[in-house]
Amino acid sequence: MVEVVAAELPDCQCLLGNVNCDDDKEANSNLAYLQDNCTGRCRSDIECQQRFFQLEQMAYGCSGESIPLNVLNAMHTFDTECEHCREYRPEDTTLTDCPQIQCSAEQINTAWSNFVDDGCKNNCTQVSCEDGFQRLFAAMFMCDPAEVPEILKNNFHSVEVRSCTEQQCNIPREIDCKSSANTRFVVTYGSSEESGLSSGAVTGIVVGAVMAALIIVVGTAIVLRRRKAKDSVFLDMAQQYQT
């Protein structure tokens, strides 16, 4: 089996801070906002994209029981419209590491078909079911969402909550908020602490930008004033010459 290579996605934690799993009202609110305001415009609207990041962070960073199933399933209708971020479940020392999986739609489809054929969708207690679910678990967390088949997205959360709660595994964690995948988003969505910038540095950047803008405005005004004064002198000279 080819070793899984995580898709190059920004880390939700770098953009949003730590996930909050205690308030499912926030998840419902974010989904409602997306459905009412963001169809066809998620990537071009900062508020829409922020809401999707928050929803995705909760969906993957919290246990399946923390978020209503209807919210988890409906979230995937925006998979092709919004940018994605990656969130990891907290590491559990009682769990084994997830198995390796190849991130391709064909391989993931095969893993899902085998899982269903083994009768695991409603009963995950067999050994083959545990291995099968862990491969699907790894695919959901590690692969690019574009490579994950819709049939898995539409069934994964209900299977996790209803059948395979005890069959989870640990995803390898590697978070670098200064990586290229994060820095292209962190200016717009990131907090100063998670991006590696101190609050003083962020303030300095903002103040510097404002001062630069003021210098440009003042400089332009001075140039225009001098030009106006110079034009006035030439006008006076011309008038004197004519008289």
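Miscellaneous remarks
- Segment R162-V127, extension gain: residue separation times 0.36 nm, minus the distance between their alpha carbons: 10.9 nm
- Order by protection proxy (mean Cβ within 10 Å, highest first), peptides 49-58, 159-168: 49-58, 159-168
- Computed accessible area, T93, all protein chains, 1.4 angstrom probe, square angstrom: 130
- The residues of the stretch 119-179 expose on average 46 square angstrom of accessible surface per residue, using a 1.4 Å probe on protein heavy atoms.
- If the segment from V116 to Q35 were pulled out straight at 0.36 nm per residue, it would be longer than the present Cα-Cα gap by 26.0 nm.
- Distant-in-sequence amide contacts of R86, defined by a placed amide H-H separation under 5 Å and a gap of 5 or more residues or a different chain, comprise D11, C12.
- Counting only protein heavy atoms and a 1.4 Å probe, the stretch 31-84 has 40 square angstrom of accessible area per residue.
- Share of carbon and sulfur in the accessible heavy-atom surface of the stretch 53-136 [1.4 Å probe, %]: 44
- Nearby aspartates and glutamates by direct alpha-carbon distance to K153 (threshold 17 angstrom, same-chain neighbours under 8 apart not counted): E56, E65, D79, E81, E83, E87, E106, D144
The values are calculated or read from the model by the stated rules, or taken from the named source; none is laboratory data. Owing to the predicted nature of the structure, the values given are computational and were not obtained by experimental measurement. Cβ sites come from the backbone with ideal geometry, for glycine too, and all protein chains shown count toward neighbours. Surface accessibility is based on the protein's heavy atoms, side chains included, excluding ligands, DNA and RNA. Shrake-Rupley method; radii C 1.70, N 1.55, O 1.52, S 1.80 Å.
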